[in-house]
1. So which residues in segment 98-123 are among the aliphatic types (A, V, I, L, M) and touching a residue at least 40 places away in the same chain (Cβ under 8 Å), if there are any at all?
2. Could you grab me the full set of residues in segment 1-15 that are assigned to a loop (DSSP other than H, G, I, E, B) and either more than 15 Å from the chain's Cα centre (by Cα) or basic (Lys, Arg) (or both)?
3. Within segment 26-52, work out how many residues are loosely packed, with under 14 Cβ neighbours inside 10 Å and either outside any helix (DSSP H, G or I) or touching a helix residue (DSSP H, G or I) at 6+ places or on another chain (Cβ under 7 Å) (or both).
4. Give just the number: which of (1) at pLDDT below 85; (2) among the β-branched types (Val, Ile, Thr); (3) under 21 Å from residue 137 (Cα atoms) does residue 64 not satisfy?
Amino acid sequence: MVVASQFMNSAPTTVGPDLPVSALAQQLLAAGVEGACVVRDGKLFGVVTTMDLVYKEKNLHLPTVFTFMDMVIPLGWQRAKDELSKIEGLTVKQIMTADPVTVGPDAALASIATLMVEGHISMLPVVDHGRLVGVIDKRAVLKAAFPVASGSGDQEK
């Protein structure tokens, strides 16, 4: 059985919560990664992905209003408020996902794939006794699930 510790990136990109969003974008692009683990005082604080940065450029979902007997009732106001907060975020802490889903180093590949697919998760921190020990992204899962034969990569006919 293939487990997280066998295919995780044991040197994940990490950032602090007070890093400006513009610096985060530059760091992720330079490293060629889809996201970073947000660490505070040596502990996992959250995760931030390229999608969090793309989110800043999306159109704001405006709340719908419903009129009933001369009353105007806004629907979806909390969603609009949450989106606006994330769009306006200037630091990693303001756009990250706090309390992310994590796995342990002994988590099975099938369990990790299930978590990622069902939770729409692109990056999964690996935590051991409260400490960040690695990260698994979609590319790592693909490599673990479909290992390439050593050599030239050509398959024999």
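1. Taking segment 98-123 first, the residues among the aliphatic types (A, V, I, L, M) are 98, 101, 103, 107-110, 112-113, 115-117, 121, 123.
Scanning segment 98-123 gives 98, 103, 107, 108, 109, 112, 123.
2. Going residue by residue through segment 1-15, those that are assigned to a loop (DSSP other than H, G, I, E, B) are 1-2, 8, 10-13.
Of everything in segment 1-15, those that are assigned to a loop (DSSP other than H, G, I, E, B) and either more than 15 Å from the chain's Cα centre (by Cα) or basic (Lys, Arg) (or both) turn out to be 1, 2, 10, 11.
3. Going through segment 26-52 one residue at a time, the tally reaches 5.
4. Residue 64 satisfies every listed condition except (3).
The values are calculated or read from the model by the stated rules, or taken from the named source; none is laboratory data. Computed from a predicted model, the values in this text were never measured in an experiment. With ideal geometry, Cβ positions are generated from the backbone for all residues, glycine too; neighbour counts draw on all protein chains shown.
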